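Scroll down for the structure; my scribbles are underneath it.
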Amino acid sequence: MGSNLFDLTGRIALVTGSSRGIGKELAAGLADAGATIVLHGRNAATLAATAAEFAQRFGQERIYSYAFDVTDAQAVAGGIAAIEAEVGPIRILVNNAGIQHRVPLLELDVADWQRVLDTNLTSAFLVGREAARGMLARGEGKIINICSVQTDLARPTIAAYTAAKGGLRNLTRAMTAEWAGAGLQVNGIAPGYIHTEMTQNLVDDEKFNSWILGRTPAGRWGTVADLAGPAVWLASDGSDYVNGQTIFIDGGMTVVV
Ligand code: NAP
């Protein structure tokens, strides 16, 4: 163990869906702690722009980027193999890629249900399985699955997302059951309502905004910066005996009615 429990220098971290949004900020947090970062997404142009920005911020030699679809088993196997061959062993995996789809249950198409399940849940199985092959052989690795308050709490119009994020917590436990003994720590981070570009319309909606402020014991929206500390902790030696937990970073929303 290094002198700094939270130092990630020299460790390779793949963050899925890090070309933008929360994944990008999680990747920046891990880079700040010293990690070598593999950025990821499907859109090549967005990925290239983020890679250029990160290279400026953290140094070209610590930034890589790979594009593949996390719902495509073959593409995932190829992507992980390429990263391990060209960058090095993946020590930290953040399963962050995810999508939302809002529609009442009676109007939810099977295809949309499947797409949401594939992107938010099956993806973590596929990427986690491929990354774990190397981690298990090396006897070390950190996997962080990005859940949600919908891991615990339902809301109308987001049934598929709620089912997927609930499943992701149990997948985190299943991975722990099989892999903890071999030296891997698998945990979840469940962000609450985070003020991002994506949620700006909800912040601007007076009714929704005041509901969030009243419903959140901390009395404010979360920020992407609020997520970086827990992510660095769960990626570091500081969490070596933390196994199968899902940490809610939600200002207390899920513990108070
Ligand atoms: P976002 O801004 O829409 O970013 C999603 C990222 O995932 C992008 O990089 C996207 O890139 C990638 N992605 C989506 N589908 C993919 C696929 N099939 N294969 C590969 N990459 C894919 O989303 P976000 O709001 O930051 O959310 C990130 C995670 O946090 C999600 O798991 C979400 O459920 C969770 N979360 C978000 C909030 C919130 O308030 N925003 C709250 C709780 C939890 P491409 O489109 O280029 O592929």
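Whole-Hz Karplus values for the range 75-85 come out as 5, 5, 4, x, x, 5, 4, 5, 4, 5, 6 Hz, taken residue by residue from phi with 6.51 cos²θ - 1.76 cosθ + 1.60 and θ = phi - 60°; glycine and proline positions read x. For the chain, the relative contact order is 19 percent, taking Cα pairs closer than 8 Å that sit 6 or more residues apart in sequence and dividing their mean separation by the residue count.
Within a straight-line Cα-Cα reach of under 13 Å, LYS142 can be paired with the following aspartates and glutamates, leaving aside sequence neighbours fewer than 8 residues apart in one chain: ASP237, ASP240. Taking Cα atoms only, the orientation of helix 21-32 departs from the longest principal axis of the chain by about 40 degrees.
The peptide list 230-239, 14-23, put in order of mean Cβ contacts within 10 Å with the highest first, becomes 14-23, 230-239. Phi angles across the range 47-53 convert, under the Karplus curve 6.51 cos²θ - 1.76 cosθ + 1.60 with θ = phi - 60°, into 3J(HN,Hα) values of 4, 5, 5, 5, 4, 5, 4 Hz, Gly and Pro given as x. Exposure proxy shown here: for ILE212, ILE80, ILE247, the number of other Cβ atoms within 10 Å sets the order, fewest to most, as ILE247, ILE212, ILE80. Looking at the chain as a GNM with Cα springs under 10 Å, which of TYR193, TYR66, TYR241 has the largest mean-square fluctuation? Of TYR193, TYR66, TYR241, the most mobile in the Gaussian network model is TYR241. Couplings 3J(HN,Hα) for the range 123-130, derived from phi with the Karplus relation 6.51 cos²θ - 1.76 cosθ + 1.60 (θ = phi - 60°), are 4, 5, 5, 5, 6, x, 4, 5 Hz, where x marks Gly and Pro.
Since every read-out is calculated from the coordinates, none of them should be taken as a lab result. All figures in this text were calculated on a predicted structure; none of them were measured in a lab. Every residue, glycine among them, receives a Cβ derived from its backbone with ideal geometry; neighbour counts consider all protein chains shown.
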